[in-house]
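Read the structure below first, then the notes.
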Amino acid sequence: MAAIGSSWICALALFAVLGDALLPFIPSGTLVILAVLKTAQIDGAPVLLGLGVAVSSFLGDLLMLHLARRGAPLLQRRLTRRPQLAASVSRVQQALVERPRGAAAAMVVIARFVPGGRTVLDLAIGHSCAHPHRFLHWSALAALVWAAYIVTLGWLNSHWFDTAWLSMGVSCAAATTVSTAIARIVRRNRRLAAL
């Protein structure tokens, strides 16, 4: 029964990671941490889960990119109704064009850690005239980095703390703190660049 429960949680976590590019309010990181905590004692499970998370993340980017390039009505309505989102998409498009390759690659990786950053990035790439091949390499790298980070965070806390609820709480608090800190740095750098 425990293995079946763990399988469902892992499947739910992978589905959440796939879908959070389109729906950034899905708590995919929390679900991945929960899946790690449920499977941490199974040999090789964290590594397999990490690979699954990376693949799901990359496939989510491909899906979002495809929808944005095809002009999906849902995405068009979202951009039309939310001028702040449209402005963010334009800023990201401009930054990807103006920055050197290394800086643009770093931007793609960092966007994975900022709440909603992945969605804005995918929309920006999907609505740009440039071909997305370069982005796909960076997206694969970002997916691997984020998957390794979130799975390692859950795995370490599962071994440091005796209780699952404490491991879950510390893991989620740490992930939230890192995301918030990165988001603040990005906002501060954007403000400084505007001066």
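Only one entry in 175, 103 is of a type in the set (A, V, I, L, M, F, W, C), surrounded by 13 or more Cβ atoms within 10 Å (Cβ to Cβ) and within 20 Å of the chain's Cα centre (by Cα), namely 175.
Within the stretch 87-107, residues that are modelled with pLDDT of 80 or more reach partners that are among the β-branched types (Val, Ile, Thr) with beta carbons closer than 7 Å, at six or more positions or on different chains, in the pairs 88/120; 89/120; 92/120. Pairs are defined by a Cβ separation below 8 Å, a sequence spacing of at least 6 or placement on different chains, a first member in the stretch 163-175 that is closer than 14 Å to residue 27 by Cβ, and a second member that is surrounded by fewer than 12 Cβ atoms within 10 Å (Cβ to Cβ); no pair meets this definition.
Determine whether residue 78 is modelled with pLDDT under 80, outside any loop (DSSP other than H, G, I, E, B) and either closer than 19 Å to residue 54 by Cα or out of contact with any helix residue (DSSP H, G or I) (no Cβ under 7 Å at 6 or more places or on another chain) (or both). No; evaluated as a whole, the condition is false for this residue. Within the stretch 142-172, if we keep just the residues that are of a type in the set (Gly, Ala, Ser) and at pLDDT 85 or above, the residue that is most open to solvent (accessible area, probe 1.4 Å) turns out to be 148. Restricting 9, 26 to those that are surrounded by fewer than 20 Cβ atoms within 10 Å (Cβ to Cβ) and without any contact (Cβ under 8 Å) to a residue 12 or more places away in the chain reduces the list to 26.
To keep it simple, each residue is scored yes or no on (1) in a helix (DSSP H, G or I); (2) in contact with a helix residue (DSSP H, G or I) (Cβ under 9 Å, 6 or more places away or on another chain); (3) hydrophobic (A, V, I, L, M, F, W, C).
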position: 114; (1), (2), (3): no, yes, yes
position: 120; (1), (2), (3): yes, yes, yes
position: 139; (1), (2), (3): yes, yes, no
position: 142; (1), (2), (3): yes, yes, yes
position: 147; (1), (2), (3): yes, yes, yes
position: 153; (1), (2), (3): yes, yes, yes
position: 162; (1), (2), (3): no, no, no
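If a residue has to be closer than 22 Å to residue 140 by Cα and either open to solvent by 30 Å² or more (accessible area, probe 1.4 Å) or not in a helix (DSSP H, G or I) (or both) to count, how many in the stretch 60-75 make the cut? Total satisfying the criteria: 6. Selection of the stretch 12-23 for residues being surrounded by fewer than 20 Cβ atoms within 10 Å (Cβ to Cβ) and either touching a Phe, Trp or Tyr at 6+ places or on another chain (Cβ under 7 Å) or part of a helix (DSSP H, G or I) (or both) yields 12, 15, 19. If we scan the stretch 36-47, do we find a residue that is part of a helix (DSSP H, G or I) and closer than 24 Å to residue 122 by Cα? No; the residues of the stretch 36-47 include none that is part of a helix (DSSP H, G or I) and closer than 24 Å to residue 122 by Cα.
The values are calculated or read from the model by the stated rules, or taken from the named source; none is laboratory data. Every value quoted in this text rests on a predicted model; they were computed, and no experiment measured them. All Cβ positions, even for glycine, are placed from backbone atoms using ideal geometry, and neighbour counts span all protein chains on display. Side chains included, ligands, DNA and RNA excluded: accessible areas come from the protein's heavy atoms. Shrake-Rupley method; radii C 1.70, N 1.55, O 1.52, S 1.80 Å.
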